[in-house]
Amino acid sequence: MLEKPNILFIGAGRMAEAIFSGLNQSDAIGKITISNQSDQTKLAHLKATYKVETGEWQEVLSNHDVVILAMPPAAHPDVLQELSSKVTKHFVITVAAGIGPSILEASLPGLPTAWIMPNTAADIGESMSLFACGEYVKQEHRKVLQTILDAIGESEELSEQQIHDLTAVTGSAPAFVYHFAEALEKSAQSYGLSSEVARKLVVQMIFGSASMLKDGREAGDLRDQVTTPGGATAAGLEVLEKANFTKLLHEAVLAVNDKAAEQAK
């Protein structure tokens, strides 16, 4: 692989954009080309915004070292079938839910492959990305992979099965947090606050709470510091406990995993 590998994106959705916008700041990457056959207008916009190249992936594949599959899971089988007759020494990475290295290797035997599961915070370089590497990934590929991961936030290597199990926690759970924020905003507005003030209160509360967690403090300890036995906060927590809040979240995680497994078939 080249010292500064050229990267080809097949697909140009939000996650692809988040990755190549971050990679544009890296000196370790060569040229970036994006391909999206269904939306030429968007390609033109992305080319002007990020100074990336565009083209039909089948025509430019040979000039690239890394291929990032940024299409929905359902689009992978057809693209992988076509890729199988065209790739040679490429490093193939997917960012699609449910598409692990074993699936990639079944279509691309002998090639180095990897699976990245970012979340939408990649847009601001704050993703918590999970990743797994295939059997043929060497140190040179890992170096490139880490450059890609660092461009969008923090990362953790897990087994393929662990990513299947934990995508709900890192990838889908932000939606749970946003839903939680919406509910608190509506509650605040019910006391006469404007939507702007309600949002400011809730967003800063979540940001401050997350910052304390990221500082290394235990969630249980922080909860106890806020909660006086028999007090007002304890009364609110009691309502959540009666509603089986913990069990409900776990059921939501299981539902995400089941759906992701279904989509990957």
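Of a type outside the set (Asp, Glu) and over 17 Å from Gly236 (Cα atoms), is that true of Leu222? For Leu222, the condition - of a type outside the set (Asp, Glu) and over 17 Å from Gly236 (Cα atoms) - is not met. In segment 36-48, the residues that are in the same structural domain as Phe20 (by TED's automatic domain parsing) and hydrophobic (A, V, I, L, M, F, W, C) form Cβ pairs under 7 Å with partners that are surrounded by 11 or more Cβ atoms within 10 Å (Cβ to Cβ) and at pLDDT 80 or above, at six or more places apart or across chains, as follows: Leu43/Ala12; Leu43/Ile34; Leu43/Asn36; Leu43/Thr54; Leu46/Ala12; Leu46/Glu17; Leu46/Ile34; Leu46/Val52. Among the candidates Met128, Met117, the residue that is crowded, with 23+ Cβ neighbours inside 10 Å, aliphatic (A, V, I, L, M) and touching a Gly at 6+ places or on another chain (Cβ under 9 Å) is uniquely Met117.
Check segment 63-71 and report whether any residue there is exposed (fewer than 14 other Cβ atoms within 10 Å of the Cβ), touching a Ser or Thr at 6+ places or on another chain (Cβ under 9 Å), closer than 16 Å to Phe9 by Cβ and of a type outside the set (A, V, I, L, M, F, W, C). There is at least one residue in segment 63-71 that is exposed (fewer than 14 other Cβ atoms within 10 Å of the Cβ), touching a Ser or Thr at 6+ places or on another chain (Cβ under 9 Å), closer than 16 Å to Phe9 by Cβ and of a type outside the set (A, V, I, L, M, F, W, C). Screening Tyr136 against (1) at negative phi; (2) surrounded by fewer than 17 Cβ atoms within 10 Å (Cβ to Cβ); (3) modelled with pLDDT under 95 leaves a single unmet condition, (3). Given the criteria modelled with pLDDT under 95, among the basic types (Lys, Arg) and either outside the structural domain of Ala74 (by TED's automatic domain parsing) or not in a loop (DSSP other than H, G, I, E, B) (or both), does Lys259 qualify? Yes. The criterion of at least 2 residues that are outside the structural domain of Val95 (by TED's automatic domain parsing) and exposed (fewer than 12 other Cβ atoms within 10 Å of the Cβ) is met by the following helices (runs of 4 or more DSSP H) wholly inside segment 147-231: 173-189, 195-214, 219-226.
Restricting attention to segment 72-128 and to residues that are in contact with a Leu (Cβ under 6 Å, 6 or more places away or on another chain) and under 19 Å from Glu262 (Cβ atoms), the residue that is modelled with the highest pLDDT turns out to be Thr94. Being assigned by TED's automatic domain parsing to the domain that holds Ser127, surrounded by fewer than 19 Cβ atoms within 10 Å (Cβ to Cβ), in a loop (DSSP other than H, G, I, E, B) and of a type in the set (Asp, Glu) is a description that applies to Asp27.
The values are calculated or read from the model by the stated rules, or taken from the named source; none is laboratory data. On a predicted model such as this, the values are computed, not experimentally measured, just so you know. Backbone-built Cβ (ideal geometry, glycine too); neighbour counts: all protein chains shown.
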